[in-house]
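A quick write-up on the structure given underneath.
The values are calculated or read from the model by the stated rules, or taken from the named source; none is laboratory data. Remember, predicted model here, so these are calculated numbers, not experimental data. A quick note on method: Cβ atoms are made from the backbone with ideal geometry, for glycine too, and the neighbour counts reach across all protein chains shown. Just so you know, the surface numbers come from the protein's heavy atoms only, side chains and all, with ligands and any DNA or RNA stripped out. Shrake-Rupley method; radii C 1.70, N 1.55, O 1.52, S 1.80 Å.
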Amino acid sequence: MTPSRIRPPFSADERTQLLGWFDMQRAIVHYKCEGLSDEDAHRAVLPSSPLMTMAGIVSHLRWVEHAWFEVLFLGRPAEGPQFVDEPEDADMRAEGIPLAQLLDEYEKQCAVSDEIIAAHGFDEVGRHPDFTSAQASLRWMLIHMIEETARHAGHMDTIRELLDGATGYY
């Protein structure tokens with residue numbers, strides 16, 4: 001089931017607004033995948049970007065949530081496809097993984113990220129000693145992830161239209 005796509009209130013505290021925008025962008029990712037076959041979800045439509053598929057984007061978003069909140073912020077071990085040298089863009093390689101599984105893994109990762117965000121203040125900084133990006137505050141990481149998710153939701157708009165003509169903002 002697609003999460004609700006609701007904008008945050010016009011007048012609310014910082015946490016409510018930032019998390020509201022984050023949740024809405026995440027919901028758009030699910031919305032853009034509604035009704036897609038696994039074949040279409042894995043079909044590349046941009047000749048210069050063969051990994052830029054709906055499935056590849058969902059996989060990537062799952063792994064960047066993991067990287068920013070679990071690894072960089074909490075300091076957990078740097079595990080996941082983006083931390084291996086080969087193949088390049090390993091976090092976007094989703095060949096053979098059903099879209100439903102990718103969306104489920106993304107949803108579960110978002111829940112883990114939400115727990116981390118809820119348990120910490122926005123001014124706290126990351127803890128991983130091996131990555132300069134861990135010096136960022138949780139606020140910075142959250143704003144970055146809103147940008148990252150929204151950017152890829154925009155890619156998904158274009159890919160979906162090229163796949164089957166479906167359009168719609170949210």
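The residue pairs whose first member lies in region 76-92 and is free of Cβ contacts under 8 Å to residues at least 24 places away in the same chain, whose second member is surrounded by fewer than 14 Cβ atoms within 10 Å (Cβ to Cβ) and assigned to a loop (DSSP other than H, G, I, E, B), and whose beta carbons are closer than 7 Å, counting only pairs six or more residues apart or on different chains, are Ala90/Val84. Here the condition is being outside any loop (DSSP other than H, G, I, E, B) and open to solvent by less than 20 Å² (accessible area, probe 1.4 Å); of Asp91, Asp40, it holds for Asp91 alone. Of all the listed residues (Val71, Val58, Val64), the sole one being touching a residue at least 60 places away in the same chain (Cβ under 8 Å) and either crowded, with 22+ Cβ neighbours inside 10 Å or among the polar types (S, T, N, Q) (or both) is Val71. State whether one or more residues within region 128-149 are assigned to a loop (DSSP other than H, G, I, E, B), exposed (fewer than 15 other Cβ atoms within 10 Å of the Cβ) and on the phi > 0 side of the Ramachandran plot. Scanning region 128-149, I find no residue that is assigned to a loop (DSSP other than H, G, I, E, B), exposed (fewer than 15 other Cβ atoms within 10 Å of the Cβ) and on the phi > 0 side of the Ramachandran plot, so the answer is no. Against the conditions (1) under 20 Å from Gly20 (Cα atoms); (2) exposed (fewer than 13 other Cβ atoms within 10 Å of the Cβ), Cys110 satisfies every one except (2). In region 141-170, the residues that are within 21 Å of His42 (Cα to Cα) form Cβ pairs under 9 Å with partners that are part of a helix (DSSP H, G or I) and among the polar types (S, T, N, Q), at six or more places apart or across chains, as follows: Glu148/Gln25; Thr149/Gln25; Ala150/Gln25; His152/Gln25; Ala153/Gln25. Selection of first residues in region 23-40 that are among the polar types (S, T, N, Q) and of second residues that are open to solvent by less than 10 Å² (accessible area, probe 1.4 Å) and modelled with pLDDT of 95 or more, restricted to Cβ pairs under 7 Å at least 6 apart or on distinct chains, gives the following pairs, ordered by first then second residue: Gln25/Thr149; Gln25/Ala153.
Residues that are among the β-branched types (Val, Ile, Thr), part of a loop (DSSP other than H, G, I, E, B) and either within 18 Å of His152 (Cβ to Cβ) or modelled with pLDDT of 95 or more (or both) occur in region 45-52; there is at least one.
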